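*Asks:* This structure is in structure tokens; I'll ask about it shortly.
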Amino acid sequence: TGIPDRDRALTIRRFGEFCKKLPDDARIEFGRKFRSPGHVRLLISSGIENREGHTELSTALLKMAGLTPVATICEMLDSNTHRALSREDAIRYAKKHNLIFLEANEVKEAYVKNPDFYEEDGKNRNS
């Protein structure tokens, strides 16, 4: 939207603080505090059992880490083509920078193995 990174970061930080308060009258308070579109696009997870997108995977990781399931996500871009970075290039980047590269199936597998997380989302993995 052409805004400074500082303003975008403030929006993200305030959104994270807000989400710590959930679920107490969350919908009403959300409508009072945030407008979309704004500086940051807001995405809501459908749950990892329904979809394996960036949003669902990031919130699953945060739940498993015991953190508020609110994430700031971005797509890695190729500096030459300005398109999404290929899987192979993302793996190379992770290795070069000593980062962990996770596949969607690895995140989902770890998540559904733990009923504390999976059943919290209203699903029973044994049904």
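The values are calculated or read from the model by the stated rules, or taken from the named source; none is laboratory data. Keep in mind that what you see is a predicted model, and the values were worked out from it rather than measured. Backbone-built Cβ (ideal geometry, glycine too); neighbour counts: all protein chains shown.
Okay, residues lined up against (1) modelled with pLDDT of 90 or more; (2) β-branched (V, I, T); (3) surrounded by 13 or more Cβ atoms within 10 Å (Cβ to Cβ):
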{"position": "L61", "(1), (2), (3)": "yes, no, yes"}
{"position": "H82", "(1), (2), (3)": "no, no, no"}
{"position": "A90", "(1), (2), (3)": "yes, no, yes"}
{"position": "E106", "(1), (2), (3)": "yes, no, no"}
{"position": "E109", "(1), (2), (3)": "yes, no, no"}
{"position": "V112", "(1), (2), (3)": "no, yes, yes"}
{"position": "F117", "(1), (2), (3)": "no, no, yes"}
{"position": "N124", "(1), (2), (3)": "no, no, no"}
{"position": "S127", "(1), (2), (3)": "no, no, no"}
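*Asks:* Residues of the range 74-115 being touching a strand residue (DSSP E or B) at 6+ places or on another chain (Cβ under 9 Å) and among the basic types (K, R), which ones?
*Replies:* Correct list: R83 only.
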